[in-house]
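Below: the structure, in structure tokens.
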Amino acid sequence: MTPPYETILIEDIGRVGLIRFNRPKAFNALNSTMIAEIMDALEAYDRHPDIGAIVLTGNERAFAAGADIKEMASESAVSILQRDHISTFDRIMHIRKPVIAAVSGWCLGGGNELAMSCDMIVASESALFGQPEINLGVIPGAGGTQRLTRAIGKALAMEMVLNDRRLTAEEALRFGLINHVVPVERYLEEALALAQSIAERAPLALRFGKEAVNHAFESFLSDGLADERRAFYFCFASEDQKEGMQAFMEKRNPAWKGR
Ligand code: DAK
């Protein structure tokens, strides 16, 4: 798969790779082409030596209004299992560089699941987060019941999954689903600034830090602690650790090499 893509736009901004969803008429509903293209672009940026962080965004009115219902409506249990295109989302878990979702407007169903698969979320004041699958006679299928519950707790997750309770950006911030809420005109700029700031940092330490935080969701505390400690020790095998500590003592900015 090579750019230009059909359903997304990509742009390199400094050390940040920006991926914009581009199905505005369908509120960026995620069809199979779009999901495949998003993952392809993410993986290409993950391999790109000059990119340090990635931002996923939609537009002011919609991050994404969910999986494409029109594409999904005629599926049978067997055909949807065989195509299994939504499980393509799982590939985000293997992206090593930090991924930030810049969310405005509708962030529903598979859209919210995609945002929650990212490492951080910056939202505009108009963002609305929800898992409305219950209205369609189904449940979230791409991590919604799991990531949402881990992020905001059982009580509220139940209300969102069972009764289509939607969260405003302010609520999402208060309940720990997202990182920042900013005015609509600035949400992308703020997400890019956060990504740029992260992208300037020591690449190996970023990779280990991301892996270690994610491990917290998948392990017992003792396993997570042991894994974190190993990664911490391993940082001392890098030139960046020498440089970072030397620069601190010399009261100058470090020059990262990513090795
Ligand atoms: N799919 C397809 N088209 C959509 C869409 C969607 N999710 N959301 C909006 N659109 C389209 C509308 O059909 C309409 O198209 P036209 O009729 O103009 O052709 C256009 O976008 C504008 O939408 P509305 O006319 O409805 O605009 P409103 O402002 O009145 O309402 C809305 C905006 C976002 C509240 C509304 O469109 C809405 O409720 N949309 C559906 C939201 C939703 O239910 N999302 C969850 C989808 S289910 C799986 C894992 C996960 C999933 C599936 C499978 N596996 C592991 C296999 C995920 C499932 C979902 O996400």
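Values in this text are rule-based calculations from the coordinates and carry no lab data. Since we're looking at a predicted model, the values are computed, not measured. We place every Cβ from the backbone using ideal geometry, glycine too, and count neighbours over all the protein chains shown.
How would you order 148-154, 135-141 from highest to lowest mean count of nearby Cβ atoms within 10 Å? Spell out each step's value before the answer.
Numbers: 148-154: 16.4, 135-141: 13.6.
Top to bottom by mean Cβ count within 10 Å: 148-154, 135-141.
Cα gyration tensor of the stretch 188-259, axes a ≥ b ≥ c as square roots of the eigenvalues: rounded (a/c below 1.5), prolate (a/b > b/c) or oblate?
It comes out oblate by the Cα gyration axes.
Based on the Cβ-Cβ distance of E243 and R96, what FRET efficiency does E = 1/(1 + (r/R0)^6) give at R0 = 22 Å, to the nearest 0.05?
Working: r = 20 Å, r/R0 = 0.93.
So, using R0 = 22 Å, E works out to roughly 0.60.
In bins 10 Å wide, starting from 0, what share of all Cα pairs of the stretch 105-259 does each bin hold, as a percent?
Taking every Cα pair in the stretch 105-259, the percentages come to 10, 30, 29, 22, 8, 1, 0.
For the stretch 1-101, what mean projected area does the convex hull of the alpha carbons give, in nm²?
Hull-based average projected area comes out at 6.7 nm².
As a test of the formula, what do you get for the chain when each DSSP H run with n ≥ 4 contributes -39,500 (n - 2.57) and the sum is divided by the residue count, at 222 nm and rounded to the nearest 500 deg cm²/dmol?
After summing the helix terms and dividing by the residues of the chain, the value is -13000 deg cm²/dmol.
Measure nothing but the geometry: give the 0 to 90° angle between the long axis through the Cα atoms of 187-199 and the longest principal axis through the Cα atoms of the chain, rounded to 10°.
The answer is roughly 30 degrees.
At a Cα cut-off below 25 Å, give the lysines reachable from K25, other chains included and same-chain residues fewer than 8 away excluded.
K70
Share of Cα-Cα pairs in the chain beyond 21 Å, in percent?
Pairs farther apart than 21 Å: 61 percent.
Which longest run of the chain has no exposed loop site in it, a site being chymotrypsin sites (Phe, Trp or Tyr not before Pro) in a DSSP loop with at most 14 other beta carbons within 10 Å, and the site itself not part of the run?
Result for the longest clean stretch: 1-216.
Just for the chain, what percent of DSSP beta bridges are antiparallel, to the closest 5? List each step's numbers first, then the result.
Working: 8 of 30 bridges.
Taking every DSSP beta bridge with both residues in the chain, the antiparallel ones total about 25 percent.
Once label points are set 7 Å from the Cα along Cα→Cβ at both E189 and C235, what is their separation, rounded to one decimal in nm?
Label at E189, label at C235, 3.3 nm between them.
Using R₀ = 45 Å, calculate the FRET efficiency as 1/(1 + (r/R₀)^6) where r is the Cβ-Cβ separation of E211 and N135; round to 0.05.
For R0 = 45 Å, the calculated efficiency reads 0.80.
Quote to one decimal, in nm, the extra length available between R259 and S76 on full extension: 0.36 nm per residue of separation minus the C-alpha distance between them.
Answer, rounded to one decimal: 61.0 nm.
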